[in-house]
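Colleague: Dropping a structure here in structure tokens format, bear with me for questions.
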């Protein structure tokens with residue numbers, strides 16, 4: 001038997017991911033530039049940002065609440081990484097602007 005079969009790992013959540021997605025949406029609303037928002041580019045932006053931010057995993061409601069508060073405290077760093085992601089992915093698209 002493997003632990004993958006014995007335990008439910010789907011309850012593990014990176015609370016920073018939701019914060020990155022929220023901030024990316026805010027930045028899309030604030031930017032006046034024509035930024036590609038196709039699924040491929042948006043997913044790439046989220047992944048780019050998440051790979052540059054320390055993750056914060058939780059597996060309980062209490063942990064999630066605490067972690068979201070921590071994410072709020074790290075908002076400036078997260079926003080900086082989101083802006084970097086927008087710039088990087090926009091400059092390195094693998095397709096023409098849609």
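Every number here is computed from the coordinates shown, using simple stated rules; none is lab data. A quick note: this is a predicted structure, and the numbers were derived from the prediction, not measured. Note that we place each Cβ from the backbone using ideal geometry, even for glycine, and neighbour counts take in every protein chain shown.
Colleague: So how many Å³ per residue does the convex hull of the Cα atoms of the chain work out to? Provide the component values of the computation, followed by the final result.
Modeller: Details: hull volume 11.8 nm³, N = 98.
About 121 Å³ per residue, rounded to a whole number.
Colleague: OK, next. May I ask for the angle, rounded to the nearest 10°, between helix 39-50 and the longest principal axis of the chain, with both axes built from Cα atoms and the value confined to 0 to 90°?
Modeller: Once rounded, one gets 60 degrees.
Colleague: In degrees between 0 and 90, to the nearest 10, how far off the longest principal axis of the chain does helix 75-91 point, with axes built from Cα atoms?
Modeller: Roughly 50 degrees between the two axes.
Colleague: Using only Cα atoms, tell me the angle between helix 61-73 and the longest principal axis of the chain; keep it within 0 to 90° and round to the nearest 10.
Modeller: The answer is roughly 30 degrees.
Colleague: Still on this structure, please answer the following. Ranked from highest to lowest mean number of other Cβ atoms within 10 Å per residue, what is the order of the peptides 53-60, 29-36?
Modeller: Taking the mean over residues of other Cβ atoms within 10 Å, the ranking is 53-60, 29-36.
Colleague: If you stretched the chain out fully between residue 26 and residue 39, how much longer would it get, using 0.36 nm times the residue separation minus the C-alpha to C-alpha distance?
Modeller: Computed gain between residue 26 and residue 39 is 3.0 nm.
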